[in-house]
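> Below is the structure I would like to discuss, written out as structure tokens.
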Amino acid sequence: MYNHQIQTFLYVADCGSFNKAAEKLYITTASVMKQMNALEERIGVQLLERTNRGVFLTAAGKSLYKDARKIIQASHDAIQRAKEAAGISQSLIRIGTSLLNPCKVIMDLWAQVNDIDPHFQIKIVPFEDEHTNILTIISSLGKELDIIVGACDSAQWRSRCQVYPLGNYQICCAIPRSHPLATYPLLQLNDLSGETLIMEQAGDSPILDSIRQLLETQHPQIHILDVPYFYDANVFNICEQSGCFLLTLDAWSEVHPSLVTIPVAWDFVMPYGLLYSKTPSAEVQAFLRAIQNVQKHLSPQQIMP
């Protein structure tokens, strides 16, 4: 109901920068500046002082800032009361989160959805990463969890759920901080000569199988140590304790404090997205449509975690 230039104005004021506000809003800096110019023209006063040191509020800007959050909250409350009067309640979406499947990406997108449609209520539900029960969690989506964010190249996962794609993770190597290569900004495959690389056993991920084929045919001096399907925290512990390398994702760079995640000079990436039930509820379908409406205005880089 309120003009969304007001929301952008709040981001600019809080960030003190058009660039930083654009990053948080997942739009271009030019779009933020255009909105602020239009807002000032519509109101008829200067709200922002633009300097080389950043963006600062004028006296008029400070006055508007004090009232703007009340305006937005009042708008959301009015919409909610209208929906309640019409017998429409908020839709609860249960988002799973874990060490290897964090929900930050979807929460960042939901912040954009909520600005447009506060109809959805989010509940964060933690779950444990355990390779022996992850298939049960995936198969049960729609019961205790509605959506989780995760890599989506697993044939076993895809057979048990649907996927709404968001982008790609970079496939990297994690190595102990004590290793001589830990300071390298980029690893060449020849750097791994004589090393042992931990990776999932073959047969479930076409992308990982392609990496395996490359290593076995062109770099046989790199030893491969198979682990069962689907990583959990214990795999990262094994990497640190054994001194081996671990095939990993950039999204997992902070899983283990004693490991360093380094990009590899290859073109392999891992798609990721929102995993949800084969038979999603009407609420989940509506939520995904709302995510789609937000996502179509963003570049893949803006959606990356």
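> Show me, bin by bin at 20 Å from 0, the whole-percent P(r) of the chain based on Cα pairs.
In whole percents, the pair-distance histogram is 28, 47, 23, 2.
> With the Cα gyration tensor of region 62-220 giving a ≥ b ≥ c as the square roots of its eigenvalues, does the rule (a/c under 1.5 for rounded; else a/b larger than b/c for prolate; else oblate) give rounded, prolate or oblate?
Note, shape of region 62-220 comes out prolate.
> Divide by every residue of the chain the summed helix terms, -39500 (n - 2.57) for each DSSP H run of at least 4, and state the resulting mean residue ellipticity at 222 nm, rounded to the nearest 500 deg cm²/dmol. Display every interim value, and only then the final one.
On the way: 11 runs with 126 residues, N = 305.
That comes out to -12500 deg cm²/dmol.
> Where both partners of a DSSP beta bridge lie in the chain, what percent of those bridges are antiparallel, to the nearest 5?
60 percent
> Additional query: Accessible area per residue, 1.4 Å probe, Å², for the chain: what's the number?
Here the residues of the chain average 50 Å² of exposed surface.
> Take the solvent-accessible surface of the protein heavy atoms, probe 1.4 Å, and return the percent of it on region 174-305 that carbon and sulfur atoms account for.
Ligands and nucleic acids excluded, carbon and sulfur reach 50 percent.
> Right, here's the next one. If you fit an axis through the alpha-carbon atoms of helix 4-15 and take the longest principal axis of the Cα set of the chain, what angle between them do you get, 0 to 90°, nearest 10?
Between helix and principal axis, roughly 60 degrees.
> Could you work out how far helix 104-116 tilts from the main Cα principal axis of the chain, as a 0 to 90 degree angle to the nearest 10?
Between helix and principal axis, roughly 20 degrees.
> Right, something else. How big is the C-alpha Rg of region 247-296 next to the rule-of-thumb value 2.2 N^0.38 Å, as a ratio? Mind dumping the intermediate values first?
Numbers: Rg = 16.4 Å, N = 50, 2.2 N^0.38 = 9.7 Å.
Working it through for region 247-296, the quotient is 1.69.
> Would you work out if region 180-305 is rounded, prolate or oblate? Take a ≥ b ≥ c from the square roots of the eigenvalues of the alpha-carbon gyration tensor; rounded if a/c is under 1.5, else prolate when a/b is larger than b/c, oblate otherwise.
Prolate is the answer for region 180-305, as a/c is 1.5 or above and a/b outweighs b/c.
> When only Cα pairs under 8 Å and 6 or more residues apart are kept, what is the percent relative contact order across the chain?
Worked out over the chain, it gives 22 percent.
> Once both axes come from the Cα atoms, what is the angle between helix 233-242 and the longest principal axis of the chain, in degrees from 0 to 90, rounded to 10?
Helix 233-242 and the main axis of the chain meet at about 50 degrees.
> In region 45-204, with Lys and Arg counted as +1 and Asp and Glu as -1 at Cβ, which of these residues, Val163, Gly203, Leu109, has the Cα nearest the positive end of the dipole, that is, farthest along it?
Farthest towards the positive pole: Leu109.
> At a probe size of 1.4 Å, how large is the accessible area of Ile222, to the nearest 10 Å²?
Surface accessible to solvent at Ile222 totals approximately 10 Å².
> If ligands, DNA and RNA are left out, what is the accessible area of Thr29 with a 1.4 Å probe, given in Å² to the nearest 10?
Here the residue's solvent-accessible area equals roughly 40 Å².
> Give or take rounding to whole Å, what are the principal axis extents of the alpha carbon atoms in region 211-265, in descending order?
Principal extents (Cα only, largest first): 32, 24, 20 Å.
The values are calculated or read from the model by the stated rules, or taken from the named source; none is laboratory data. The structure displayed is predicted, hence computed values, not measured ones. Reconstructed Cβ throughout: ideal geometry from the backbone, glycine too, with neighbour counts over all protein chains shown. SASA here: full protein model, heavy atoms, side chains in, ligands and nucleic acids out. Shrake-Rupley method; radii C 1.70, N 1.55, O 1.52, S 1.80 Å.
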